[in-house]
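Here the structure comes first, spelled out in structure tokens, and everything after it is commentary.
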Amino acid sequence: MMHIPKIPVRNLSRKYKKKVIKRLPESLRQKVIRSQIPGIRLNLESVLFRPALSPDDYTTCFRLLHDVYVQAGLSDPSSTAMRIIPHHSNPLSKVFIGFYEEPDSKQIPVYTVSLFPDSDDGLPMDAVFNSELDGLRKQGRKIVEVGCLASNPGFRMQNMNIPMLGNRVVHEYAANYLDMDDLVITVHPKHVWVYRDILLFEPMAQVNAYAYVKNNPAVAMRLNLRTAEQEYKKVYSKFPVEKNLHYFFFWGRSRAIDFTGVDQDRKTDFMLALTDYSAFLKKAG
């Protein structure tokens, strides 16, 4: 049996820790990464995730998305100070928002994510990953893409609580409300390890330039929602409850997530304008 020396991960700087971990054999790399998962809470004081339901909710999400993407070098500034894509006009698309409520009751947006069920117009990532998606479609799989994801830099709190609650929202809505087979996403290569080694997504393909994110590289990834619970149980069932992602995603209850209104029909004047992409941009400007 090959001897694998112990690596003092905690004593390494963050920069070199990542380099060392990336070079480990796959099984050891995953073991090390998963052992470093911090305690994750299902409930955060003064934080609530819910569907976007009003014109103010939607503009708040699109402004947060715009600012985060511009700061990350994934988009150029827009005259509307909002980032919105044509697939948002699909009546089946859904936008979620996470708020932090301050003591004076002021609500600060901390997170947003959108889900785009497959339709006759396809998915955003069809622009570069059409053959991979068509492979799933030919199997009769129902696909939903998660995208337009952004978290407020001031509330990342050096931990995974807010993004993990956002992931819980995505899981629950896609599986329980939409009854989808597959959740697909495009991520920057530097984030692949999070989705592969922690969230159990499988890489599908990679491109060196994706126009949707200012020609940054992108990796297409997939989570089989029909087998996800079984896979999470296999990987995480023996972890302590605060690190047990099987419990977090499938069994624990969260007061920080409220799906009230998730089936609301988007028939306000604002949403009618949204169905016409160009009209929405004029209205937003």
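All of the numbers you see were taken from the coordinates with simple rules; none came from a lab. Bear in mind that the values here come from a model prediction, so they are computed numbers and not experimental data. No Cβ is skipped: glycine too gets one built from the backbone with ideal geometry, and neighbour counts run over all protein chains shown.
Around residue 254, with a cut-off of 14 angstrom between Cβ atoms, what is the net charge of the other residues, counting Lys and Arg +1 and Asp and Glu -1?
In short, +1.
Among the listed pairs 31/234; 22/243; 94/142; 22/190, give every one whose C-alpha distance is greater than 19 Å.
Listed pairs above 19 Å: 22/243.
Size of the dipole of the chain about the Cα centre, Lys and Arg at +1 and Asp and Glu at -1 on the beta carbon, nothing else charged, in debye to 20?
With Lys and Arg at +1 and Asp and Glu at -1, about 1800 debye.
How would you order 88-95, 179-186 from highest to lowest mean count of nearby Cβ atoms within 10 Å?
179-186, 88-95
Order these peptides, 124-137, 71-84, by their mean beta-carbon neighbour count within 10 angstrom, highest first. Please report the intermediate quantities before stating the final value.
Working: 124-137: 16.6, 71-84: 15.1.
Ranking the peptides 124-137, 71-84 by packing returns 124-137, 71-84.
How would you rank 112, 227, 59, going from fewest to most other Cβ atoms within 10 Å of each one's own Cβ?
227, 59, 112
Which one, (1) -0.27, -0.45, -0.68, -1.30; (2) -0.36, -0.56, -0.78, -1.20; (3) -0.62, -0.77, -0.91, -1.16, gives log10 I(q)/I(0) by the Debye sum over Cα atoms at q = 0.07, 0.09, 0.11, 0.15 Å⁻¹ as derived from the coordinates shown?
(1)
Highest mean first, how do 37-45, 24-32 rank when packing is the count of other Cβ atoms within 10 Å averaged over residues?
The packing order, highest mean first, is 37-45, 24-32.
Measuring from a point 7 Å past the Cα of residue 192 along Cα-to-C-beta, which residues in the stretch 219-247 have an amide N at less than 13 Å?
219-222
Take the Cα pairs of the stretch 43-171, get the Kirkwood Rh, then feed it into Stokes-Einstein at 37 °C and 0.692 mPa s and tell me D in µm²/s.
208
How do 70, 187, 110 line up, fewest other C-beta atoms within 10 Å first?
Ordered from fewest to most neighbouring Cβ atoms within 10 Å, 70, 187, 110 come out as 70, 187, 110.
Could you grab the relative contact order for the chain? Cα pairs under 8 Å, six or more apart, rounded to a whole percent.
Normalised by residue count, the contact order of the chain is 21 percent.
Based only on Cα atoms, what Rg/Rh ratio does the stretch 84-140 have, Rh being taken as Kirkwood's radius?
A ratio of 1.19.
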